[in-house]
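**Student:** First the structure, then my questions, so here it is.
The values are calculated or read from the model by the stated rules, or taken from the named source; none is laboratory data. Treat the numbers as computed from the prediction; the structure is a model and nothing was measured. Quick reminder, even Gly has a Cβ in these numbers, built from the backbone with ideal geometry, and neighbours come from all protein chains shown. SASA here: full protein model, heavy atoms, side chains in, ligands and nucleic acids out. Shrake-Rupley method; radii C 1.70, N 1.55, O 1.52, S 1.80 Å.
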Amino acid sequence: MRRIQDRLGSVGIHAILLSWTLLALFPLALIVVNSFKTRKAIFGDPLGLPTGKALSLKGYESVMTNSDFPMFFGNSLIVTCVSLFFILLFGAMAAHAVSEYRFKGNTFISIYLILGIMVPIRLGTVALLNLIVDMGLANTLTALILVYTAQGLPIAIFIFTEFLRSVSREIKDSARIDGLSEYRIFFEVVIPLVRPVIATVAVFSMIPIWNDLWFPLILSPGEETRTVTLGVQQFIGQYTVQWGSVLAALSVAILPVLIMYVIFSRQLIRGITSGAVKG
Amino acid sequence: MATLELKGVEKFFGATQVIHDMNLSVADGELVVFVGPSGCGKSTLLRMIAGLETLSSGEIHIDGQRVDYQPPSNRGIAMVFQSYALYPHKDVRGNLGFSLKHDKVEKSEIDRRVNIAADILGLQDLMSRKPRELSGGQRQRVAIGRAIVREPKVFLFDEPLSNLDAALRVHMRVEILKLHQRLKNTMIYVTHDQVEAMTLADRIVVFRAGKVEQIGTPLELYRTPANRFVAGFIGSPAMNFLNADCKDGKVLLNDREVCRSTHPDGPTTLGVRPEHLQVDKQGPFQGSVQVFEHLGGEAFVHLNLADGQTMVAKLDGEHQFRPGDSCQLGIAADKCHVFDNDGLRVAS
């Protein structure tokens, strides 16, 4: 009796999880499927598979050849990677400082750093725009990198702080006795110990940056500095929308995130679960 | 080879004083054990010697040189931690050589020292393993090896055996003792286990609440404890403390004379070690057996005395009692300890 109940429970849970997965994947699948179809087929039969006459690679062709899409792609990649690098570096360093050292104002500083989670950075858009223009950084990738770094730091510091607190104090002390400087303790002892967390923070920070439309639109809408999300807009004209190209561009844009996720996923899962069970 | 000297060392955490005016000098090659209940400040003092905690006042000298303003790596010390504190991403060889590599010691010299340490500790077969692939005892050996390769003037051990199981603890205790006899380095060893303290130490420093209760060789502490705390802390099972009376230089328990003392007339505390008691028909300790534990070679009798006080005696395995039996024990007068009302031992 007990075993049957357990069975039913597990079937139920899997049914829920499975339907959730389908629900979440459906829009994505729709984009990818329709990106391989002719314009007519997209509207005629949105849910149909790209077979026979419906199949068309025109969208991908125009994305790769007739547009600046590769440049937009490169811009997105540069902005995301450089921002990510700074978020991870400064986030981990700040978290190390507040979790490791006893100094006056420690609690105040850690709360101040984490407070950013509650205040959406977009509230400051106007001030940010003024600042960026005054600094002469309008229409540059640097502007985006600075803003995204600021945007990603609070949550990164929050996650890092929790994990760095769990790094054994004795290991750091032992490194001190071995004569390592505080910087080398951080880079050679602490960082290797929290690698799963770095993956977690990287994925969490990367996705909003890659997908963002707001700041590229406001801070760097120039032809040379467009990111993918903004670049897709060029296929959306005032009178006609090249749906095939839009969907193809979006499908390609999913790839980097997907690749990053596959690379980090094992570490990511370890990072998420070790918080709960201290594995 | 080095001496270690503490002069008036004090430590405050905020307004709380955790170390009170500590003065100690450790001779070259001596193994000194800091022992005391947890929270008594012994680990804090060790961390101060290592340079991991600052001093609130006082001086620390190693080998005649003042070191308390120096960073840990310049003090000529090496420390072994309770949790081993190995670098998890480095293999055994990497762990052993890490500090030397950082000091830019030549490769051949690093190899030489690492190999010597590995030979001493029997680590040669484990050199390419990661710490997570080692057992507790092996990890602790690597941690000790990491200290050896630094060729320090002073070794510091912070409860190194607390994380090991009982059998391994006994084994590693002997290993550390052998290591000390072989290297003849000055060593400071912190533990809360009095058996470790008794077996390892040349001298023991007994701590309580940031103050030294007594400093002496293990036998001095055992035979002439300065006060009730030391008497109760050293020795296993612990000493029995009984309320007694002193009259005309005689210590009386339930009106029977146990021993003589210079203590003035009035109530006093009598201390008797369980292992010094023996069955004696004329003995002063008379009571009924509550619990009898037989361990084969020896036996513990838990007695309920006539006035309601309880005591434990360690007898040899010949004896056999049942709960409720009456039992009479005696002790040689020179094995008795008398403590005054402040808990200080009265010289006999």
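**Student:** Within region A:49-144, list the trypsin sites (Lys or Arg not before Pro) lying in a DSSP loop whose Cβ has at most 15 other Cβ atoms in a 10 Å radius.
**Tutor:** Those satisfying the criteria are A:Arg102, A:Lys104.
**Student:** Using the alpha-carbon centroid of each, what span in Å lies between region B:270-338 and region B:23-45?
**Tutor:** Going from one Cα centre to the other spans 35 Å.
**Student:** Checking an interface number: how much accessible area is buried between B and A, summed over both chains, with a 1.4 Å probe, in Å² rounded to 100?
**Tutor:** Counting both chains, the buried surface is close to 1700 Å².
**Student:** Ok, one more. Can you send over the carbon and sulfur percentage of the accessible area for region A:9-60, probe radius 1.4 Å, protein chains only? Mind showing how you got there, number by number?
**Tutor:** Numbers: 3070 of 3870 Å².
That fraction is 79 percent.
**Student:** What number does region B:36-109 give for Rg over Rh if you use C-alpha atoms and the Kirkwood radius? Mind showing how you got there, number by number?
**Tutor:** On the way: Rg = 15.1 Å, Rh = 14.6 Å.
Result: Rg/Rh = 1.04.
**Student:** Now for a different question. When chain B is treated as a GNM, springs tying every alpha-carbon pair under 10 Å, which of B:Lys104, B:Lys184, B:Lys130 comes out with the largest mean-square fluctuation?
**Tutor:** B:Lys104
**Student:** Quick one: Cα convex hull volume of region A:68-220, Å³ per residue?
**Tutor:** Values: hull volume 20.0 nm³, N = 153.
Here the figure is 131 Å³ per residue.
**Student:** In addition: What longest range of chain A stays clear of loop-exposed chymotrypsin sites (Phe, Trp or Tyr not before Pro) (DSSP non-H/G/I/E/B, at most 16 other C-beta within 10 angstrom)?
**Tutor:** So the longest stretch without any such site is A:104-238.
**Student:** Another question, if that's okay. With charges only on Cβ, +1 for K and R and -1 for D and E, what is the dipole size of the protein assembly as shown about its Cα centre, in debye, rounded to 20? Don't skip to the answer; put the middle values down first.
**Tutor:** Details: 62 positive and 58 negative charges, 419 e Å.
Its charge dipole is roughly 2020 debye.
**Student:** So for B:Asp28, B:Asp125, B:Asp68, what's the accessible-area order with a 1.4 Å probe, most first?
**Tutor:** From most exposed to least exposed: B:Asp125, B:Asp28, B:Asp68.
**Student:** Which of the lysines could be linked to B:Lys281 by a straight reach, that is with a Cα gap under 23 Å, when you skip same-chain ones fewer than 8 residues away?
**Tutor:** Once the sequence-local lysines are set aside, what remains near B:Lys281 is B:Lys250, B:Lys314, B:Lys335.
**Student:** Name the aspartates and glutamates eligible as straight-distance cross-link partners of A:Lys53: C-alpha to C-alpha under 20 Å, and not fewer than 8 places from it in the same chain.
**Tutor:** A:Asp45, A:Glu61
**Student:** So, one more: For region B:210-260, just the Cα set please: Rg and Dmax, both in angstrom.
**Tutor:** Reported Rg and Dmax, both Å: 13.5, 40.
**Student:** Can you give me the C-alpha center-to-center distance between region A:159-173 and region A:188-239, rounded to a whole angstrom?
**Tutor:** What the calculation gives is 29 Å, centre to centre.
**Student:** Now for a separate question. Straight-line reach from B:Lys11: which lysines fall under 21 Å, measuring Cα to Cα and dropping same-chain residues less than 8 apart?
**Tutor:** Cα-Cα hits under 21 Å: A:Lys104, B:Lys42, B:Lys211.
**Student:** Could you pull out every Cys in chain B that lacks a partner Cys with its beta carbon under 4.7 Å away?
**Tutor:** B:Cys40, B:Cys246, B:Cys327
**Student:** Follow-up question, since we're still on this one. Based only on Cα atoms, what mean projected area does the convex hull of chain A have, in nm²?
**Tutor:** Spelled out: convex hull of the Cα atoms, projected over all directions, averaged, 21.9 nm².
**Student:** Evaluate region B:117-192: find the radius of gyration of its Cα atoms, find its Kirkwood radius, and give the ratio Rg to Rh.
**Tutor:** Rounded to two decimals, Rg/Rh equals 0.94.
**Student:** Same structure, new question: Quick check on chain B: what are the equivalent-ellipsoid semi-axes from the Cα gyration tensor, as sqrt(5λ), descending, whole Å?
**Tutor:** Largest first, chain B gives 46, 25, 15 Å.
**Student:** In whole angstrom, note down how far apart the Cα centers of region B:112-153 and region A:75-133 are.
**Tutor:** 42
**Student:** Positive end of the dipole of chain B, charges at C-beta (+1 Lys, Arg; -1 Asp, Glu), about the Cα centre: which of B:Thr44, B:Pro284, B:Gln82 has its Cα farthest in that direction?
**Tutor:** B:Gln82
**Student:** Still on this structure, I have one more. For the protein assembly as shown, what is the accessible area per residue in Å², given a 1.4 Å probe and the full set of protein chains?
**Tutor:** Working: 31580 Å² over 627 residues.
Accessible area per residue: 50 Å².
**Student:** Considering only the other residues whose Cβ falls under 14 Å of the Cβ of B:Lys211, what net charge follows from Lys and Arg at +1 and Asp and Glu at -1?
**Tutor:** Cβ neighbours under 14 Å give a net charge of 0.
**Student:** Using the Cα gyration tensor of region B:194-348, with a ≥ b ≥ c the square roots of its eigenvalues, what is the shape: rounded (a/c below 1.5), prolate (a/b larger than b/c) or oblate (neither)?
**Tutor:** Details: a/c = 2.17, a/b = 1.21, b/c = 1.79.
Because a/c hits 1.5 or more and a/b fails to exceed b/c, region B:194-348 counts as oblate.
**Student:** For the protein assembly as shown, just the Cα atoms, rotate onto the principal axes and tell me the three extents in Å, largest first.
**Tutor:** 119, 72, 51
**Student:** Kirkwood-based Rg over Rh for region B:88-127 (C-alpha set), two decimals?
**Tutor:** Here the Rg-to-Rh quotient is 0.96.
**Student:** If you don't mind, another one. Starting from the residue with the highest accessible area, list A:Ile13, A:Ile155, B:Ile234 in decreasing order, probe 1.4 Å.
**Tutor:** A:Ile13, A:Ile155, B:Ile234
**Student:** Here is a follow-up. Return the carbon/sulfur percentage of the accessible area of region A:68-220, one whole number, probe 1.4 Å, all protein chains in place. If you can, show how the numbers build up before the last one.
**Tutor:** Details: 5180 of 7140 Å².
Carbon plus sulfur share of accessible area: 73 percent.
**Student:** Also: Ignoring any ligand, DNA or RNA, what whole percent of the accessible area of chain B comes from carbon and sulfur when the probe is 1.4 angstrom?
**Tutor:** 46
**Student:** For B:Arg113, what accessible surface area do you get with a 1.4 Å probe? Give it in Å², rounded to 10.
**Tutor:** 40
**Student:** Report the residue, chosen from B:Leu295, B:Leu52, B:Leu86, that carries the largest GNM mean-square fluctuation when chain B is represented by alpha-carbon nodes joined by springs under 10 Å.
**Tutor:** B:Leu295
**Student:** I would also like to ask the following. Using a Gaussian network model on chain A with a 10 Å cutoff between Cα atoms, which of A:Val119, A:Val246, A:Val82 fluctuates the most?
**Tutor:** A:Val119
**Student:** Would you calculate, for the protein assembly as shown, the mean residue ellipticity at 222 nm contributed by helices, counting each DSSP H stretch of 4 or more residues as -39,500 (n - 2.57) and dividing by all residues, to the nearest 500?
**Tutor:** Helices in the protein assembly as shown give a 222 nm mean residue ellipticity of -14500 deg cm²/dmol.
**Student:** Next question, about the same structure. Please arrange B:Arg129, A:Arg176 by accessible surface area, largest first, computed with a 1.4 Å probe and ligands excluded.
**Tutor:** Of B:Arg129, A:Arg176, the descending order of accessible area is B:Arg129, A:Arg176.
**Student:** Would you mind computing Rg(Cα) / (2.2 N^0.38 Å) for region A:55-113, counting N as its residues?
**Tutor:** 2.06
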